[in-house]
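Read the structure below first, then the notes.
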Amino acid sequence: MKRKKYILAVAAILILSVVFVGFFFQQSELDGSTLESRELRLNQSDNGIHIASEIKIDEQIISGIVGANNKYGLAIFEPEDNNKYKLQTRFLRDNGEIITEHTVINGIGYDLFWYDQADLDYAKITYTVQGKKLEPIELDAGKNKILYYKAPSNDYSIEVTFYDTQGNRYE
């Protein structure tokens, strides 16, 4: 009888150990420190998401994401302790729409631009501040880059046009 209780106790300890190890392994997979772990985290809420492009602005990671449901968008990961990153926000658009979003990183406003289109060459961004159009800004959009630019003020409008290598416009 004592031997049976001993075997049951050892089995219970082994099962609990496997559960704890599995839990901690899963948590380390979702720590956001690698592209793969960020993809896993994004796929917790929406399966089929793939990270197509990434940039870093002041230690925050901006990921260009493509979903299986004909959507794409951006996800912003903010740093935590020990080189871990947590998902701050994400937004999705229908394929074919240019993504223009505003974010604040360390107190500085940035505009983010992304268009998931092959063979892009550059983007032309035109800000209007207090009714005055500023000089257009051209940013290199090759290699599926996520583009960003420091916002000119707190109150402005923006026009974005992407151009591919053939000269075609996307607005």
| query | What's the percent breakdown of Cα-Cα distances in the stretch 62-171 across 5 Å bins, shortest bin first? | reply | 2, 11, 20, 21, 20, 14, 7, 3, 1, 0
| So what's the net charge close to G107: Lys and Arg +1, Asp and Glu -1, counting the other residues with Cβ under 14 Å from its Cβ? | -2
| task | Considering only protein heavy atoms, with the full assembly of protein chains and a 1.4 angstrom probe, order T161, T34 by accessible area, largest first. | result | T34, T161
| said: Filter K86/K145; K56/K143; K56/K150 down to the pairs with a C-alpha to C-alpha distance above 19 Å, please. | reply: K86/K145
| query | Once you list every other residue whose beta carbon is under 12 Å from the beta carbon of E138, what net charge do they have if Lys and Arg are +1 and Asp and Glu are -1? | reply | -2
| Around D164, with a cut-off of 15 angstrom between Cβ atoms, what is the net charge of the other residues, counting Lys and Arg +1 and Asp and Glu -1? | -2
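Cα gyration tensor of the stretch 86-131, axes a ≥ b ≥ c as square roots of the eigenvalues: rounded (a/c below 1.5), prolate (a/b > b/c) or oblate? Show your work: numbers first, answer last.
Numbers: a/c = 2.01, a/b = 1.11, b/c = 1.81.
Oblate, since a/c reaches 1.5 and b/c is not below a/b.
The values are calculated or read from the model by the stated rules, or taken from the named source; none is laboratory data. Keep in mind it's a predicted model, so treat the numbers as computed, not measured. Using ideal geometry, Cβ is built from the backbone for each residue, glycine included, and neighbour counts are taken over all protein chains shown. Ligands, DNA and RNA are excluded from the accessible area calculation, which covers all protein heavy atoms including side chains. Shrake-Rupley method; radii C 1.70, N 1.55, O 1.52, S 1.80 Å.
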